[in-house]
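Before I ask anything, let me first share the structure, which is written out below as structure tokens.
What follows draws every value from the coordinates through simple rules; no lab data is involved. Owing to the predicted nature of the structure, the values given are computational and were not obtained by experimental measurement. FYI the Cβ positions are ideal-geometry reconstructions off the backbone, even for glycines, and counts take in every protein chain you see.
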Amino acid sequence: MIRRPPVKGIQIACPQCHKSTSQFPSNIKRGRRFCSHRCGEIASTTPLPVRFWSHATKTESCWNWNGAVYGNGYGKFGFSNTKTMSAHRVAWMLTYGHIPKRQCVLHRCDNRRCVNPSHLFLGSRRDNTQDALQKNRLAFGERIKTSKLTTLQVQEIRSRLDGHYGEYSHLGREYHVSPETVSLIAKNKIWKQALAQGVCQVSVEVADASR
């Protein structure tokens, strides 16, 4: 007779008290997410706005979410045993109403835990990306842990490209990347920020030389 290995519980955050609790996968599928019957009763009887704002610490500027958080740092609020949503989106809905489709709720304060409605505004996904770029919150180039090149090396590769046959393979071997990567760099399809930084550096050097 083959014995099956025991099923291990999964650590999740209780939607009410936000304490860590262990639940079996089968229980989670049935909607059992609270750490106790008491938390389940409180969540079912307490009005949602009261329950939500009780987890926010208000200051003169930001209202910081002190409940559970997602791995990306944004607050997490449990509507019920089965449904959760980002805390700042719930704050917008409680204050201003429905969020239109394909709209994101963005932060003016750049504080992911902030649920102060006056610090929130709506924008498209493109607006969200542009906002993250302006605040330098997106990882690109050598800021990515798996990157094999630095900005300086990419600028060196671009400066050494002269159109000779086999240069992609030669530079690829020298910098330990594939010829395809060198080709994409040459066509400015990747590492575009290195090109911009190189232009800025040249402009500064020219300005210094003219003084």
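Classify segment 47-138 as rounded, prolate or oblate, taking a ≥ b ≥ c as the square roots of the eigenvalues of its Cα gyration tensor: rounded when a/c is under 1.5, otherwise prolate if a/b is larger than b/c and oblate if not. The partial results should precede the final answer.
Details: a/c = 1.61, a/b = 1.39, b/c = 1.16.
Prolate is the answer for segment 47-138, as a/c is 1.5 or above and a/b outweighs b/c.
Beyond a 30 Å Cα-Cα separation, which of these cross-linked pairs lie in this structure: Lys135/Lys189; Lys101/Lys148; Lys8/Lys76; Lys101/Lys135? Walk me through the numbers on the way to the answer.
On the way: Lys135/Lys189 23 Å; Lys101/Lys148 39 Å; Lys8/Lys76 24 Å; Lys101/Lys135 25 Å.
Pairs exceeding 30 Å: Lys101/Lys148.
List every residue whose amide H lies under 5 Å from the amide H of Ser124, counting only residues 5 or more places away in sequence or on a different chain, with H placed 1.01 Å from N in the peptide plane.
Long-range HN contacts for Ser124: Cys104.
Okay, moving on. Taking the beta-carbon count within 10 Å as an exposure proxy, list Ile185, Ile42, Ile12, Ile157 from fewest neighbours to most.
Values: Ile185 26, Ile42 14, Ile12 17, Ile157 23.
Lowest count first: Ile42, Ile12, Ile157, Ile185.
What are the ³J(HN,Hα) couplings of segment 167-177, residue after residue, when phi is run through the Karplus curve with 6.51, -1.76, 1.60 and θ = phi - 60°? Round to Hz, x for glycine and proline.
5, 4, 5, 5, 5, x, 5, 5, 9, 6, 10
Enumerate the amide H contacts of Ala68 below 5 Å, restricted to partners 5 or more residues apart or on another chain; note that Pro and chain-start residues carry no placed amide H.
Lys76
Would you mind computing, in nm to one decimal, how far apart the modelled labels at Lys101 and Arg126 are, each placed 7 Å from Cα along Cα→Cβ?
According to this spin-label approximation, the distance is 1.9 nm.
Okay, next question. Given a Förster distance of 30 angstrom, what is the FRET efficiency for Leu94 paired with Phe24, based on the Cβ-Cβ distance and rounded to 0.05?
Details: r = 33 Å, r/R0 = 1.10.
Taking R0 as 30 Å, the efficiency between Leu94 and Phe24 is 0.35.
Let me ask something additional. For a quick check: with amide H placed at 1.01 Å from N, whose amide H comes under 5 Å from Trp63's, ignoring anything fewer than 5 positions away on the same chain?
Val115, Asn116
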